[in-house]
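Scroll down for the structure; my scribbles are underneath it.
The values are calculated or read from the model by the stated rules, or taken from the named source; none is laboratory data. Because the structure is a prediction, the values reported are computed rather than measured. Methodologically, a virtual Cβ is constructed for each residue, glycine included, from the backbone with ideal geometry; neighbour enumeration extends over all protein chains shown. All accessible areas refer to the heavy atoms of the entire protein, side chains included, with ligands and DNA or RNA removed. Shrake-Rupley method; radii C 1.70, N 1.55, O 1.52, S 1.80 Å.
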Amino acid sequence: MAKRSKVKTIGELKASGYKPAPIREEMRRNLLAMIKKRRNIFPGIIGFDDTVIPDIENAIISGHDIIFLGERGQAKSRVMRLLVNLLDEEIPVIKGCEINDNPLAPICKRCRDKVSEEGDATEIAWLPRQERYGEKLATPDITIADLIGDVDPIKVAEGRYLSDELTIHYGLIPRTNRGIFCINELPDLIERLQVGLFNLMEEKDIQIRGYRIRLPLDVFLVASANPEDYTNRGRIITPLKDRYGAQVRTHYPVTIEDELSIVEAERKQFGGDEFESYVPQYMKEIIAEVTHLARKSPDINQRSGVSVRVSIANYETILSGAIRRAVILREKLAVPRISDLPYIRSSTSGKIELDSFEETKEDKVIDDLIRKAVLNVFNRYYKVYELEEIVEQFNGGLTVEVSDRMSAKPYVRNFKEIVGLTDVVKVVNDSERLEAVASAVEFILEGLHLNKRLNKATIEGKTVYRH
Ligand SMILES: [Zn+2]
């Protein structure tokens, strides 16, 4: 759509041939044009190409309102905000209107009066699409006044008719007229408000303080909910549930690769460090594996879910552990190791809910996830029976000490002592840098331990692998 900002009055708008369209028509038209041009409608959304996105597109082509069902951290909010991409770059509204009235068909009393007085000279303004999105988290304290509107008691006292919209102080939804409004966690909205919402969507009228006021808004309504809350009997009034044309089920990343792509895109990055940092692929996979295992764990409440934010925070935490070590030991390269993993307890625990009442159990649940994740990732890279040469040397009395506080040098000294380890390290590490080799050595030793080929004892913050 070419910029039409030069058009400043209703008369000029009519002369330009521009015809405002209802929002569903506008979104549908833009969506089809984007599909035709093979444009990415949801940039930055990973792993939904074959599942969630086709459902959304069908809903929009059908003109259906959408409810997104999914556990926390499934990019629902982001997907909903990206629907703004389907709006025209800007649309004409009557200048100064609180509810973005269409210049050619105003609904508010103020604008209808204005247009009948000023006619084609009525001024218009152009509303950019970013300003046509509103959202609200449903909490028990939201009122009809917040969401829909309230009558102004002063104006009522002045003797205006209550059905006169000039007495209304508009709430969030009318102010998003001709835009997209999103209600997060819809089942938490009290029943009276759900009724109000339904009336607004279906009957195009609102009831405020017992008065019925006609308000034919044009809003594309989306909502999100936890699937269990939504299907729970009584949480959503049936007519409102029926009103939503499409239920779109979101999900967590299906693959470790998708999980890691999101982590790479979302993690905080800082510039200006005096050292380099590098996270080996197997450490990344362990972080993603911890999250994937947590999503299947019977000890963790799956109703609230395990967000991708757990992976992001854990990745940042092990990298920070490595950076801290590099600074303390004056090493040039920060590389996370297995012995940094216990630190993810702090970045995991606030983001999961246990299905147990014992508080002390939390660290144990997380430690178990870490061990299982390391074992799974290790066994994807190695077959234990191929590492017997190394195990034999431990059987002959070799011991190796590791710690998250140790510099990389002693690791590498050990590494050179152990016959056959060079080739084994090469499977996961192609760097010559000591810090990277140290991390790989620890991964291999821990993998052998978890496969019950080596013993492990932790004394005073140091871990010793031995027969
Ligand atoms: Zn108006």
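Among the residues making up segment 87-99, a single one is free of Cβ contacts under 8 Å to residues at least 60 places away in the same chain and either more than 16 Å from the ligand (Cβ to nearest atom) or among the small types (Gly, Ala, Ser) (or both): 96.
When residue 104 is tested against the conditions (1) at positive phi; (2) open to solvent by 60 Å² or more (accessible area, probe 1.4 Å), the lone failure is (1). Contact map, segment 332-356: first residue closer than 20 Å to residue 435 by Cα, second residue among the charged types (D, E, K, R) and open to solvent by less than 30 Å² (accessible area, probe 1.4 Å), Cβ cut-off under 6 Å, separation 6 or more or different chains; pairs are 333/435; 335/435; 337/442; 338/442; 338/446; 339/404; 340/404.
What pairs can you find where one residue is in segment 104-123 and within 12 Å of residue 93 (Cβ to Cβ), the other is more than 11 Å from the ligand (Cβ to nearest atom) and in a helix (DSSP H, G or I), and their Cβ atoms are less than 7 Å apart, with a gap of 6+ or different chains? Taking only residues 6 or more apart or on different chains, the pairs are 122/10. Quick one: residue 425 ticks every box in (1) closer than 20 Å to residue 341 by Cβ; (2) of a type outside the set (Ser, Thr, Tyr); (3) in contact with a strand residue (DSSP E or B) (Cβ under 6 Å, 6 or more places away or on another chain) except a single one, so which number is it? Only one criterion in (1) closer than 20 Å to residue 341 by Cβ; (2) of a type outside the set (Ser, Thr, Tyr); (3) in contact with a strand residue (DSSP E or B) (Cβ under 6 Å, 6 or more places away or on another chain) is unmet by residue 425, namely (3).
The residue of segment 430-467 that is most open to solvent (accessible area, probe 1.4 Å), among those that are over 25 Å from residue 367 (Cβ atoms) and either among the hydroxyl-bearing types (Ser, Thr, Tyr) or out of contact with any strand residue (DSSP E or B) (no Cβ under 9 Å at 6 or more places or on another chain) (or both), is 432. Among the residues of segment 34-53, are any buried (at least 19 other Cβ atoms within 10 Å of the Cβ), within 16 Å of the ligand (Cβ to nearest atom) and assigned to a loop (DSSP other than H, G, I, E, B)? No, there is no match, as no residue in segment 34-53 is buried (at least 19 other Cβ atoms within 10 Å of the Cβ), within 16 Å of the ligand (Cβ to nearest atom) and assigned to a loop (DSSP other than H, G, I, E, B). Taking each residue of segment 48-66 that is within 20 Å of residue 185 (Cβ to Cβ) and looking for partners that are of a type in the set (Ser, Thr, Tyr) with beta-carbon atoms closer than 9 Å, six or more apart or interchain, yields 52/250; 65/244; 66/244.
When 319, 375, 369, 387 are screened for being part of a helix (DSSP H, G or I), open to solvent by less than 10 Å² (accessible area, probe 1.4 Å), closer than 22 Å to residue 286 by Cα and not aromatic (Phe, Trp, Tyr), only 387 passes. In the condition set (1) open to solvent by 40 Å² or more (accessible area, probe 1.4 Å); (2) farther than 21 Å from residue 355 by Cα; (3) touching a residue at least 60 places away in the same chain (Cβ under 8 Å), residue 282 is compliant with all but (1).
Looking at 344, 328, which is the one that is within 25 Å of residue 73 (Cβ to Cβ) and outside any strand (DSSP E or B)?
Numbers: 328 fails: within 25 Å of residue 73 (Cβ to Cβ).
Exactly one of 344, 328 is within 25 Å of residue 73 (Cβ to Cβ) and outside any strand (DSSP E or B), namely 344.
Any chance segment 147-164 includes a residue that's assigned to a helix (DSSP H, G or I), in contact with a strand residue (DSSP E or B) (Cβ under 6 Å, 6 or more places away or on another chain), modelled with pLDDT under 95 and open to solvent by less than 30 Å² (accessible area, probe 1.4 Å)? No.
The listed residues are 81, 110, and the only one of them that is in contact with a Leu (Cβ under 9 Å, 6 or more places away or on another chain) and assigned to a helix (DSSP H, G or I) turns out to be 110. Only helices (runs of 4 or more DSSP H) whose full extent lies in segment 172-254 are considered here, and the ones with at least 1 residues that are open to solvent by 50 Å² or more (accessible area, probe 1.4 Å) and without any contact (Cβ under 8 Å) to a residue 12 or more places away in the chain are 227-231, 238-243.
Return yes or no: is residue 105 within 16 Å of the ligand (Cβ to nearest atom) and either out of contact with any helix residue (DSSP H, G or I) (no Cβ under 6 Å at 6 or more places or on another chain) or in a strand (DSSP E or B) (or both)?
Working: within 16 Å of the ligand (Cβ to nearest atom): yes; either out of contact with any helix residue (DSSP H, G or I) (no Cβ under 6 Å at 6 or more places or on another chain) or in a strand (DSSP E or B) (or both): yes.
Yes; evaluated as a whole, the condition is true for this residue.
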